[in-house]
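Quick note: the coordinates plus some simple rules give every number you see, no bench work behind them. Because the structure is a prediction, the values reported are computed rather than measured. Every residue, glycine among them, receives a Cβ derived from its backbone with ideal geometry; neighbour counts consider all protein chains shown.
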Amino acid sequence: MVLVHTATYKSKMRGIVYILNFILSLQLATIGYYTPNYFSHFGFSTEIISLIFVFAAVGSILGFYLSSFLFNKYGIRKSILLAGTFYIFMIGILAYSSSFLAIFIFFLGAIFSAIIVSSLDVVMESANDTENHTGAQRATFLVMASFAYVAGPFLGGQLVKGADYQSLWFGASAIFLPFLFITFAKLPKIENKKYTKLKISHLLSVLKNAGDIRYIFFAQFLLYFFYSVMVLYTSLYLKNVLHFSFEQMSIVFTIILIPFVVLTYPIGELADKYFGEKEFLIIGFLIMIIATVIFGAWNITTPIEVIILLFFTRIGASITSTVTEIYFFKHIDGTNAEMISAFRALYPIANIIGPVFGMFIFMFGDYHTLFVSLGLMLSYGIYFSLKLKDTK
């Protein structure tokens, strides 16, 4: 049966997706900043931990590749339930895993989480009213995630207090349970569509010929590259070099993520009504570059210095993240699961390159060298931003 996407239907579907996105983001944020230290407690070196995250990123790419196959075979709703059930099982197993089993389970979890993320993107895009409202609706979607990413690190820090990683993984599983219940009971059926598979050859062709979409792909990749390096190595830097406690880290990570809550929706509204995305993107990258370089060059001795500098990096990242999402989703529609999967696949690709970049830097430098180099790499974002054609 083909469902008619009325305004009421779409409004209901958006509301459900907003809630699901919040729950998923809360679960990911609860474990995200503490996973590097989870593997560190097994005695793995920074280089080995980097390789583990590369391995997990490969799993995410596989998940995005498989998503279209699952959508066509089972539909969006069943795919979410299937992937979500396996995902929560994988998270629970980590509470009792040995070092090498944990690596394998982490890999499987990355596959299923990628499928879930891709599913929500497709549902969200199908629920959009018109392109004129893409900015506000996509910003709301991001704001729900932002609230979760502020609360998650604090919650994770309390769960892992005293290096109690079993509590962290059990807590993460409990957080995710409502996601499955709401999907089963409340998520409406999605209109039957044909979802195309992600093909690397097609992605390369898109990047070569798609004009502005190509540059927004590059800008998004740089943002994800920033996330991959900062999340992985900031966590290890604060714990192993500055000797922060998990309680201190939870406060730091909570405060620095506030810009994603405060700025995301206003930026989306302004991009819809008054300004184009180009100016915002340039401003966001400039703030990220300056703050990241200073964070690497500064001789940090106190938590307040860490908070101030990282806070400014996230101001820039929140602006950049909102604008890249809006620009991309203004140029595609909900039937193009291939393009959405390709866009999301940039994150695991960045998660492969980020740790490799870190391993290379540590061959001749330290954390200071790493963060300064990262800031300089972000300068390419200015070039990509200047190439864009505003939608206003």
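Here are some notes:
- Lys78/Ile307 FRET efficiency (R0 41 Å; Cβ-Cβ; nearest 0.05): 0.40
- Under the convention that each Lys and Arg Cβ holds +1 and each Asp and Glu Cβ holds -1, the size of the dipole of region 7-387 around its Cα centre is about 1000 debye.
- Dipole of region 18-134 [Lys/Arg +1, Asp/Glu -1 at C-beta], most positive-end residue of Thr46, Tyr87, Ala56: Tyr87
- Using C-alpha pairs under 8 Å with a sequence gap of at least 6, the mean separation divided by the residue count of region 7-387 gives a relative contact order of 28 percent.
- Ordering Ser97, Ser126, Ile289 by the projection of their Cα atoms onto the charge dipole of region 7-387, which places +1 on the Cβ of Lys and Arg and -1 on the Cβ of Asp and Glu, puts Ser126 at the extreme positive end.
- In order through region 109-118: 3J(HN,Hα) via Karplus (6.51 cos²θ - 1.76 cosθ + 1.60), integer Hz, x for Gly, Pro: x, 5, 4, 6, 5, 5, 4, 5, 4, 4
- Compared with the alpha-carbon gap, the fully stretched path from Ile332 to Phe170 is longer by 54.5 nm at 0.36 nm per residue.
- Based on the reciprocal of the average 1/r between different C-alpha atoms, the Kirkwood radius for region 7-387 equals 20.8 Å.
- Whole-Hz couplings from phi, Karplus 6.51/-1.76/1.60, listed for region 147-157; x for Gly and Pro: 4, 5, 6, 7, 6, x, x, 5, 4, x, x
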